[in-house]
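Just so you know, all these numbers are worked out from the coordinates, no wet-lab data involved. This structure is a prediction, so every number in the text was calculated from the model and none was measured. Positions of Cβ are generated from backbone atoms using ideal geometry, with glycine treated the same way; all protein chains shown enter the neighbour counts.
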Amino acid sequence: MDATIVSILAVTAGLTASLVVVLAVVKLFHREIERYRGVRTAYYTSAVGEMLSRGVLPSRPRQGWAEDPLFHDAVADYRLMVTGEDRRFVDSLVDKLGIGDILVTRARRRFPRSTRLRAVSSLVDLATPAHTAALQTMIDDPNPHVRVHAVRGLARVGDTGAVSHILDIATRVKPWEAARTADALVEMGADAVEPVINWVEHERSKAFPSVDVVALSGRLLGLIGDERAEPVLIALLGSDRPDWRVAAASALEHAGTDMSVEPLRVAIHDDDWRVRARAVVALGAMADDVAIEEIAQLLTDRQWWVRQNAAGALTQLPGGTDRLKAALEGSDHFAADAALNQLTISGALSERRPLPSRT
Amino acid sequence: MHTFLAVSSLVVLVYYLAYQVTMLVFTVGSAAVLGKERMIARYGRIEDMLTSDLAPPVSIVVAAYNESAGIVEAITSMSMVSYPRFEIVVANDGSTDDTLDRLIDAFDMFPVPYPVRTNIDTAPVRQVYKSRKPIALTVVDKENGGKGDALNVAINTARYPYVMATDADVIIDGKALVHAMRLVAEDRDRVVAVGGNIRPLNGATVTHGHVVEAGVPKSLIERYQLLEYVRAFVATRPFWSAINALPLVSGAFSLYKRDAVVDAGGFASGHMGEDIDLTMRIHRHYRNAKIPYKIMYSPSAIVWTEVPTTRAVLRRQRIRWHRGLMTAVRDFRSSIFNPRHGAVGMLSWPTMVFFEFVAPVVELLGYVLIPIAMLVGAVDPMQVLVLFVIALFVGTITSLFALLLDERYGYFNDPRETLQLLTICFVENLGLRQMTVWWRVRAMHRGRQDKAWGNMERRGVRTIAKAG
């Protein structure tokens, strides 16, 4: 027989046998590792819990604890669960053991990506204002996930000074990263409003502003829901960029007051259907029936979403349900469909009736 | 005659070896992709997306036909999926059992005059039901029209820009949707579809609609399928996904941009492989329109499905699958080695055609020709045997490697389960594989005769999995 074939046979047989052994060992090892991790996690959880209940920090902390990611997870779990005095106690434990510094060291760029990511992931939950500078350097990390975690860490420690830099970076990254950055800034709450407004105003003054991130900033201002953002959102609603108008209309649903009613009444006649669809929702959310006629007219809009949203807005306005019931009996089947849908969802249709006849 | 037999035997052996080596190459490629994916799944904190108001909402669409045994558990499981905003739309495709009644009773459904859009043409809708319970559930009762048609009705009814099509007999892992949507969120302009990781539910422990522990099933047939699923979903698809060449987004968990499905014409009615058909049509649509797109696979989006427990049911399933593939091969023959269709046309679709569709014929030929060739002395029996054993070893290496990759999930670490898995890697070649080869050849022989809905006997989650 050909020696080559015999060699190949030997190699494949050897490889098969090796893989069998490797798989068996890996599975056994994995099982033991998981068991060991479970035991350690339980130990750390009970140890931190006991320290917390007694209110006493360990006099001679074991250095191994501070190095162990499982201990970080246990401390982070407690830190997220407790508030007030207890949280300050957990913070002091983190400080005493130097956990934050260890994580900051591991998040440096000389470490592999997985080490950095794991470290910064824990740091998000354990960071204190003392780690602000380190987190600020991490928002320039080459790995997007590390950057996102760093932004979340800064948001949690309330570093409003970093907002404009974060948004500048958001203009250079992919949309998903910018969206997660915006999510993180929402977590910062009302403190982020002023810096975001300032950044948006500055960006708008540029010849070539970042359209996407300004729109995203508009949306995040809406999600924070602070009335201070209303003037800038109204300005965005009046801009010549459809994406900004859509974002502003969406945001005014949460951040709008009486001041926004007139601009939104204009916006429901916008050429872009997305603006109409969002603006009508915002008007509905304000529960101001001044524009009820105009909203009712949108039941015949050529876009499905605008019709649906207009019907949805009417369910929130005084007298709106009657308008929808009237639309049900009307000759416009599109309006009747939208009315029927929203009346069904809102539960306003108490009686069961057949679908309107269609041609 | 001797020469013909000798050459034929050699061709079959080389083909078989090439098939196994190709699978091994895909497995190695998948290993690299899974490493990165694992890191992000563990430390990327994607669960933060759950509290995000910027996460796009999703409609979970389900087609149900005579799913009485497991429909309530499946919908209960779906309702517990972790995601900020989603709805469930079930299309009852004219079931002849009490599927609809069970849904009405379990979720307190009441009939509503709900308007259904007509983006995709479908069989007539009889009635729409909404739930009085605090669950965003809509049930659409419709005339029988096949699985694809039922899914199209559900998509027409869906309110949200992304639809997740799934089967009525699956249990969706709590984080599956958020893992799949992470890929969408990372590239919303281009990602039009995401497939999930389908795993056999048989042998698993289920508590309150969730799989709390995976387990190796009892029978050889189920274990064989477990190995097949691991090879397909852990060892092959990550690689295809990385090069944007996924030829199939499995129907048990497929997330689509709603517009992409509508643009591609929706699911094909009366097609036995409606998932492969839609995936390929989406590829073709975007390639022909020269629009950048991605069809991706998320190994972390896990869905548990009941696999056949008896030979008869498995036979029916495999025949149905192979007929679906056969129709797809006919419909998309222009994609084979078509450079305009990118990696799908040049790599994955030819692989599907030559190593999935044609394989049973070549393999069966081998089982007939090679013994004859050996008997008449056209080939050296020892040499043939050695080549055959080498091919088997390469196949086993692929399976073992796939199981090693599967270790990322931490399943089956009990020593007895490990032994069972190791055994099936070798035993599958001693009859089980040949059995499916025969069924697939029969599927090709009888052509496209059956209806689109497979008549798989469902035993229900309570029976198939252990209660926790």
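In degrees from 0 to 90, rounded to the nearest 10, what is the angle of the helix B:147-157 Cα long axis to the longest principal axis of chain B?
Helix B:147-157 sits at roughly 30 degrees to that axis.
Quick one: of the DSSP bridges fully inside the protein assembly as shown, what percent are antiparallel, nearest 5? Before the final figure, lay out the partial values.
On the way: 23 of 52 bridges.
If we restrict to bridges inside the protein assembly as shown, about 45 percent are antiparallel.
So for the stretch B:271-337, considering every pair of alpha-carbon atoms, how many percent are separated by more than 14 Å?
Working: 1549 of 2211 pairs.
Within the stretch B:271-337, distances greater than 14 Å cover 70 percent of Cα pairs.
Mind scanning A:Lys174/A:Lys206; B:Lys36/B:Lys147; B:Lys130/B:Lys257; A:Lys27/B:Lys36; A:Lys325/B:Lys147; A:Lys27/B:Lys218 and naming the pairs with a C-alpha gap bigger than 26 Å?
Working: A:Lys174/A:Lys206 21 Å; B:Lys36/B:Lys147 36 Å; B:Lys130/B:Lys257 24 Å; A:Lys27/B:Lys36 21 Å; A:Lys325/B:Lys147 36 Å; A:Lys27/B:Lys218 20 Å.
From A:Lys174/A:Lys206; B:Lys36/B:Lys147; B:Lys130/B:Lys257; A:Lys27/B:Lys36; A:Lys325/B:Lys147; A:Lys27/B:Lys218, over 26 Å: B:Lys36/B:Lys147; A:Lys325/B:Lys147.
Determine the shape class of the protein assembly as shown: with a ≥ b ≥ c the square roots of the Cα gyration tensor eigenvalues, call it rounded for a/c under 1.5, and otherwise prolate if a/b is greater than b/c, oblate otherwise. Intermediate values should be presented prior to the final figure.
Values: a/c = 1.95, a/b = 1.28, b/c = 1.52.
Here the protein assembly as shown falls in the oblate category.
Scale the Cα Rg of the stretch B:221-274 by the rule-of-thumb value 2.2 N^0.38 Å and send over the ratio, two decimals.
Values: Rg = 13.8 Å, N = 54, 2.2 N^0.38 = 10.0 Å.
This ratio for the stretch B:221-274 stands at 1.38.
How are the Cα pair distances of the stretch A:234-359 distributed, in percent, across 10 Å bins from 0?
15, 46, 28, 10, 1
Pull up the cross-link candidates among the aspartates and glutamates for A:Lys96, meaning alpha carbon to alpha carbon under 19 Å and not fewer than 8 places away within one chain.
A:Glu50, A:Glu67, A:Asp68, A:Asp73, A:Asp77, A:Glu85, A:Asp86, A:Asp125
Need one number for the stretch A:28-111: average projected area of the convex hull over its C-alpha atoms, nm². The partial results should precede the final answer.
Working: hull surface 25.9 nm².
Convex hull of Cα atoms, orientation-averaged projection: 6.5 nm².
Any idea what the relative contact order of chain B is, in percent, if you count C-alpha pairs under 8 Å spaced at least 6 apart?
Values: 868 pairs, mean separation 104.5, N = 468.
Computed value for chain B: 22 percent relative contact order.
Distance from the Cα centre of the stretch A:47-97 to that of the stretch A:179-196, in angstrom?
28 Å
Would you work out which of B:Ile282, B:Ala328, B:Val307 lies farthest towards the positive end of the dipole of the stretch B:272-333, given +1 charges on the beta-carbon of Lys and Arg and -1 on that of Asp and Glu, about the Cα centre?
About the Cα centre, the residue reaching furthest to the positive side is B:Ala328.
How shielded is A:27-33 by partner chains, expressed as the average number of their Cβ atoms within 10 Å of its Cβ atoms?
Other-chain Cβ atoms within 10 Å of each residue's Cβ, averaged: 5.
Hey, rough spin-label estimate for B:Ile372 and A:Ala3, points 7 angstrom out along Cα→Cβ, what's it come to in nanometres?
Going by the 7 Å Cα→Cβ label model, 3.7 nm.
Name the residue farthest towards the positive end of the dipole of chain A from the options A:Ala150, A:Val22, A:Phe71, assuming +1 on Cβ of Lys and Arg, -1 on Cβ of Asp and Glu, about the Cα centre.
Positive-most Cα among the choices belongs to A:Val22.
Let me spell out the model: positive unit charges on the Cβ of Lys and Arg, negative unit charges on the Cβ of Asp and Glu, origin at the Cα centre of the protein assembly as shown. What dipole size does that give, in debye rounded to 20? Could the numbers behind the result be given before it?
Values: 93 positive and 90 negative charges, 512 e Å.
Computed charge dipole of the protein assembly as shown: roughly 2460 debye.
Within the stretch A:116-135, find all residues whose amide N lies under 18 Å from a label point positioned 7 Å from the Cα of A:Met81 along Cα-to-beta-carbon.
Hits in the stretch A:116-135 for A:Met81 at 18 Å: A:125-126.
Would you kindly compute the Cα radius of gyration of the stretch B:1-160 and its largest Cα-Cα separation (Dmax), both in Å?
Cα-based Rg and Dmax for the stretch B:1-160 come out at 23.4, 75 Å.
Ratio of Rg to Rh for the stretch B:65-174, alpha carbon only, Kirkwood? Could you put the intermediate results ahead of the total?
Values: Rg = 12.8 Å, Rh = 13.9 Å.
Expressed as Rg/Rh, it is 0.92.
Just to confirm the number: angle between the C-alpha axis of helix A:193-204 and the first principal axis of chain A, 0 to 90 degrees, nearest 10?
70 degrees
Once you order the gyration tensor axes a ≥ b ≥ c over the Cα atoms, which shape class does the stretch A:193-255 get: rounded for a/c under 1.5, otherwise prolate or oblate by comparing a/b with b/c?
On the way: a/c = 1.80, a/b = 1.29, b/c = 1.39.
Here the stretch A:193-255 falls in the oblate category.
Between A:Asp86, A:Asp258, A:Asp77, find the one with the highest GNM mean-square fluctuation for chain A; connect C-alpha pairs within less than 10 Å.
Highest fluctuation among the options: A:Asp258.
Using just the helices of chain A, give the 222 nm mean residue ellipticity in deg cm²/dmol: DSSP H runs with n ≥ 4 each add -39,500 (n - 2.57), and the total is spread over all residues, rounded to 500.
Calculated from helices alone, the mean residue ellipticity at 222 nm is -23000 deg cm²/dmol.
Give the shape of chain A as rounded, prolate or oblate, defined through the alpha-carbon gyration tensor: a ≥ b ≥ c are the square roots of its eigenvalues, a/c under 1.5 means rounded, and otherwise the shape is prolate if a/b is larger than b/c and oblate if not. Walk me through the numbers on the way to the answer.
Working: a/c = 2.20, a/b = 1.67, b/c = 1.32.
Since a/c reaches 1.5 and a/b is larger than b/c, the shape of chain A is classed as prolate.
Could you work out the per residue convex hull volume over the alpha carbons of the stretch B:1-75, in cubic angstrom?
On the way: hull volume 16.9 nm³, N = 75.
Looking at the stretch B:1-75, the number lands at 226 Å³ per residue.
Given the stretch B:1-135, what percent of its DSSP beta bridges are antiparallel, to the nearest 5?
Numbers: 4 of 11 bridges.
Here the antiparallel bridges make up roughly 35 percent for the stretch B:1-135.
Report the charge-dipole magnitude of chain B in Debye, nearest 20, computed about the Cα centre from +1 at each Lys and Arg Cβ and -1 at each Asp and Glu Cβ. Please list the in-between numbers first.
Working: 51 positive and 43 negative charges, 132 e Å.
The calculated dipole for chain B is roughly 640 debye.
Using the Cα centre of the stretch B:267-357 as the reference point, and only Cβ charges (+1 on K/R, -1 on D/E), how large is the resulting charge dipole? Debye, rounded to the nearest 20.
Working: 14 positive and 6 negative charges, 46 e Å.
That gives the stretch B:267-357 a dipole magnitude of about 220 debye.
Just want the answer: with Cβ charges of +1 for Lys and Arg and -1 for Asp and Glu, which residue in A:Ile268, A:Ala13, A:Thr181 is farthest toward the dipole's positive end in the protein assembly as shown?
So the residue furthest toward the plus end is A:Ala13.
Within 10 Å of each Cβ of A:180-191, how many other protein chain Cβ atoms are there on average?
Working: counts 10, 0, 3, 7, 2, 0, 4, 2, 0, 0, 0, 0.
For peptide A:180-191, the averaged partner shielding equals 2.
When DSSP beta bridges are limited to those with both residues in chain B, what percentage is antiparallel, rounded to the nearest 5?
Just about 45 percent of them are antiparallel.
If one computes the Cα centroid of the stretch A:120-137 and of the stretch B:276-319, what distance in Å separates the two points?
If we compute the Cα centre of each part, the gap is 42 Å.
Scan the stretch A:1-110 for trypsin sites (Lys or Arg not before Pro) in coil per DSSP, keeping those whose Cβ has at most 15 other Cβ atoms within 10 Å, and list them by number.
Numbers: sites: A:Lys27, A:Arg31, A:Arg35, A:Arg37, A:Arg40, A:Arg54, A:Arg62, A:Arg79, A:Arg87, A:Arg88, A:Lys96, A:Arg106, A:Arg108, A:Arg109, A:Arg110; in loops: A:Arg62, A:Arg108, A:Arg109, A:Arg110.
Passing sites in the stretch A:1-110 are A:Arg62, A:Arg108, A:Arg109, A:Arg110.
Taking only the C-alpha atoms, wrap a convex hull around chain B and report its volume per residue in Å³ as a whole number.
Working: hull volume 65.0 nm³, N = 468.
Looking at chain B, the number lands at 139 Å³ per residue.
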